[in-house]
Structure formats: structure tokens, C-alpha cells
Amino acid sequence: MIRHVTIAFLIAGAVATSSVSAQTCEAPELICKAAANQDRSLYFRDHCRYEQKIHVERTRVKGDKESIEELRDTTVMVEPAKKPDKTGDTPVVVRVIADTDKKGNPKDKIKEDEPTLLSFGAVWDVAFFPLLPERVKYYNFQEVVAERKNERWYRFMPRAEVTNVALASGVVQLDPQTGEVMTIKIEALHNLDALDKEANKMRTFNATIDYNQYEGTLRMPTLASGAGVSGIRRFEGNFKFRFEEGRYVPMYKLE
């Protein structure tokens with residue numbers, strides 16, 4: 001049985017889990033604040049049911065010609081499973097609730113388990129939450145000139161010796177006081193074979209992700225757009241995407 005709980009309850013739990021990590025953070029102070037905020041935000045998100053929408057334009061290039069392979073709009077519902085798996089972790093369930101064919105025509109019959117680019121949630125999380133406390137130690141950081149007023153920008157890159165942890169590289173735009181993430185521009189993903197062999201077939205990936213404030217303190221990845229080159233089976237080729245996320249509903253599993 002699942003019931004709703006207050007957002008304050010989940011945020012309090014998130015604060016407790018991130019406080020220890022904040023104490024051991026050795027990155028620049030503002031990055032440590034950003035890491036703690038990403039930790040709290042992801043904790044809350046992982047305890048919610050929410051929607052994701054994506055528009056994908058996929059093409060293939062042969063010689064000097066580019067042909068459209070797919071124009072697709074998909075909406076999924078994401079929520080924690082009702083029971084932990086064999087490892088004791090609670091998996092995330094992704095169900096397709098609206099979909100089109102490869103020409104963008106709405107489907108009459110929806111398969112909830114239909115593979116989509118949103119099925120690779122672990123890859124998206126590397127891009128959306130690259131600065132989690134457990135990942136910060138694997139990056140080098142360099143402050144760069146901010147192109148927006150009232151922001152501080154940092155470039156982050158995986159350390160050269162780190163080859164077994166899935167990471168991202170790019171520029172993060174932060175609130176100069178709280179460290180809340182405003183925007184992240186992802187330039188590449190690294191070491192995706194640490195997730196699985198199929199994820200590693202994402203050859204290139206870039207995205208601009210905008211984060212909206214939620215409940216006064218959290219920052220959620222609500223809008224994103226980008227492009228890449230995929231060798232993932234059924235999604236091969238060059239692709240562009242537009243992404244939306246929202247409608248968070250806190251969930252709690254009773255024992």
C-alpha cells in the first residue's frame with residue numbers, strides 16, 4: 001500500500017542524509033552547497049511519482065545525405081517500485097502513458113514497457129544530477145567568468161585517473177549565495193560502461209538543463225534540450241531532444 005506523506009517529511013530525511021556528505025566535501029564551498037542541494041533534490045525526487053515528456057528527432061547520415069528515421073513524442077510516469085529488489089534497493093519503474101509512432105502519429109495502443117530514450121534513467125541522472133556528494137571527489141573544478149548577473153559559474157571535468165565511475169563534464173551555473181543549481185550545460189558523459197554495456201553505446205551527449213525551485217529549497221530538472229549520437233539498439237543515429245519533467249507527487253511505502 002502506498003500513501004502520500006508531507007513534503008517536509010521527505011525534505012527532513014534528505015537533509016539528514018546530505019549533512020554528513022557536506023561535512024566531508026573538499027570541493028570549493030559553493031560546489032559543496034550545490035552538491036548538498038542536488039542530494040536533497042534527488043532524494044525527494046526518488047520518493048515521488050512524476051511525469052517526463054520527451055520529443056526526439058532521430059536521423060541517420062549516409063555519405064553526405066541525412067535522412068529522418070524518427071519523430072517521436074513520449075510521456076512516461078516514473079515512480080519507485082512497491083517492493084525492493086533482490087539487492088535490497090528499490091528500483092524505479094518507468095511506464096509509458098502516451099506515445100507516438102516514428103512519424104509522430106499518436107498510438108492507439110500504448111505499451112507501458114515500450115523502450116524509449118527515457119528508459120535509460122541512470123544515464124539521464126548522470127546528466128541531471130552530476131554533482132551529487134559521492135561524485136564531487138571525482139571532478140576537477142575551475143571557476144569561469146559568469147555570463148549572467150548574480151550567478152557564479154564553474155567548469156567541472158572528471159579527474160584523468162577516474163575511469164570506473166559514470167560522470168559528466170560541462171559548466172554549472174549557481175546561485176552565488178545558496179549554491180542552488182540554476183542551469184547545467186553538459187558537454188559530454190564519461191565512463192557509461194560503469195552503468196551497463198548498452199548505456200556505453202551513447203557515443204556523444206550534450207544538453208542544457210534548466211532547474212526550477214521547488215518548495216523553496218529544492219531544484220528540479222524541469223526543462224532540457226540537447227543532442228547526441230547513439231549506438232544504442234533501436235535508437236541508433238544522431239538525435240535531438242526536448243525534455244520536460246514535473247507533476248511531483250510524494251509517495252511513501254508502508255511496511
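The values are calculated or read from the model by the stated rules, or taken from the named source; none is laboratory data. Predicted model, so just to flag it, every value in this text is computed and none were measured. Note that we place each Cβ from the backbone using ideal geometry, even for glycine, and neighbour counts take in every protein chain shown.
Restricting attention to region 26-61 and to residues that are over 13 Å from residue 221 (Cβ atoms) and basic (Lys, Arg), the residue that is surrounded by the fewest Cβ atoms within 10 Å (Cβ to Cβ) turns out to be 60. Name, by its number, the condition in (1) exposed (fewer than 14 other Cβ atoms within 10 Å of the Cβ); (2) modelled with pLDDT of 90 or more; (3) over 27 Å from residue 249 (Cβ atoms) that does not hold for residue 135. Condition (1) is where residue 135 drops out. Restricted to region 78-103, and to residues there that are of a type in the set (Lys, Arg) and modelled with pLDDT under 90, the residue that is nearest to residue 201 (Cα to Cα) is 86. Taking the criterion of being assigned to a loop (DSSP other than H, G, I, E, B), at pLDDT 95 or above, touching a strand residue (DSSP E or B) at 6+ places or on another chain (Cβ under 9 Å) and at negative phi, would at least one residue in region 113-128 satisfy it? No. Looking only at region 117-169, residues that are small (Gly, Ala, Ser) and more than 23 Å from residue 44 (Cα to Cα) come to 3 in all.
Listed by first and then second residue, the pairs linking a residue in region 146-158 that is without any contact (Cβ under 8 Å) to a residue 24 or more places away in the chain to a residue that is outside any loop (DSSP other than H, G, I, E, B), with Cβ atoms under 6 Å apart and 6 or more places separating them unless they lie on different chains, are 153/144; 153/171; 153/173; 155/142; 155/144; 155/171; 157/140; 157/169. Here residue 106 meets the list (1) loosely packed, with under 15 Cβ neighbours inside 10 Å; (2) modelled with pLDDT under 95 almost entirely, failing just condition (2).
For the criterion of being surrounded by 15 or more Cβ atoms within 10 Å (Cβ to Cβ), out of contact with any Ser or Thr (no Cβ under 9 Å at 6 or more places or on another chain) and not in a loop (DSSP other than H, G, I, E, B), residue 200 passes. Whenever a residue of region 45-59 is touching a residue at least 12 places away in the same chain (Cβ under 8 Å) and within 19 Å of residue 102 (Cα to Cα), its partners that are surrounded by fewer than 16 Cβ atoms within 10 Å (Cβ to Cβ) and polar (S, T, N, Q), lying with C-beta atoms within less than 7 angstrom and at least six residues away or across chains, give the pairs 59/67.
Scan region 213-240 for residues that are aromatic (Phe, Trp, Tyr) and surrounded by fewer than 19 Cβ atoms within 10 Å (Cβ to Cβ) and jot them down.
Of everything in region 213-240, just one residue is aromatic (Phe, Trp, Tyr) and surrounded by fewer than 19 Cβ atoms within 10 Å (Cβ to Cβ), namely 214.
For region 205-234, a residue qualifies if it is closer than 14 Å to residue 42 by Cβ, part of a strand (DSSP E or B) and at pLDDT below 95, and exactly one does: 214.
Of everything in region 197-255, what is among the hydroxyl-bearing types (Ser, Thr, Tyr) and closer than 14 Å to residue 118 by Cα? Give them in sequence order.
Once the filter is applied, which keeps residues that are among the hydroxyl-bearing types (Ser, Thr, Tyr) and closer than 14 Å to residue 118 by Cα, region 197-255 yields 225, 230.
Restricting 177, 142, 173 to those that are in a loop (DSSP other than H, G, I, E, B) and either in contact with a Ser or Thr (Cβ under 8 Å, 6 or more places away or on another chain) or not β-branched (Val, Ile, Thr) (or both) reduces the list to 177. Checking each residue in region 67-108 for being of a type in the set (S, T, N, Q), assigned to a loop (DSSP other than H, G, I, E, B) and within 17 Å of the chain's Cα centre (by Cα) picks out no residue at all.
Just one of (1) in contact with a helix residue (DSSP H, G or I) (Cβ under 8 Å, 6 or more places away or on another chain); (2) exposed (fewer than 15 other Cβ atoms within 10 Å of the Cβ); (3) in a strand (DSSP E or B) fails for residue 249. It is (1).
What residue, among those in region 146-181 that are of a type in the set (Val, Ile, Thr) and over 15 Å from residue 28 (Cβ atoms), is surrounded by the fewest Cβ atoms within 10 Å (Cβ to Cβ)? It comes out as 163.
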